[in-house]
Amino acid sequence: MIIAPSSPSIGTLPDTLSPERRELREAAQGFEAIMIRRMLETARASSFAEDAPLTGGGLKQFEKMRDEHFAEIAAESGSFGFARSIEEQLAQYVDGHGGM
């Protein structure tokens with residue numbers, strides 16, 4: 001099942017962004033991908049399946065690659081919304097509106 005984001009993708013209109021804002025967006029998406037990979041890794045670690053011929057190292061490597069690919073796609077599409085939230089919170093400092 002594919003879940004579409006409720007608002008436009010976080011990658012929308014990249015040409016209208018300043019270089020700093022584009023870099024912030026890419027960093028936020030990268031962080032979201034890391035978070036999703038860790039969630040999938042944690043969920044998979046709680047599996048009660050024992051190692052069998054079809055659940056050995058090859059399958060684990062495939063699952064890791066699949067999880068990484070899924071995390072990248074999810075982060076780029078904004079499906080979970082982590083990157084969008086991170087970007088919105090940090091944009092005030094990039095755009096010069098935040099005070100510290």
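Identify the residues of the stretch 74-92 with backbone N under 18 Å of a label point that sits 7 angstrom from the Cα of Glu20 along the Cα-to-Cβ direction, or state none.
Only 86-92 pass the distance filter.
Using Cβ contacts closer than 10 Å as the measure, can you line up Ser18, Ser46 from fewest to most?
Working: Ser18 10, Ser46 6.
So the ranking, lowest neighbour count to highest, is Ser46, Ser18.
Read-outs throughout are calculated quantities, based only on the coordinates presented, and are distinct from any laboratory measurement. Just so you know, these numbers come straight off a predicted model, no measurement behind them. Cβ: placed from backbone, ideal geometry, glycine included. Neighbour counts: every protein chain shown.
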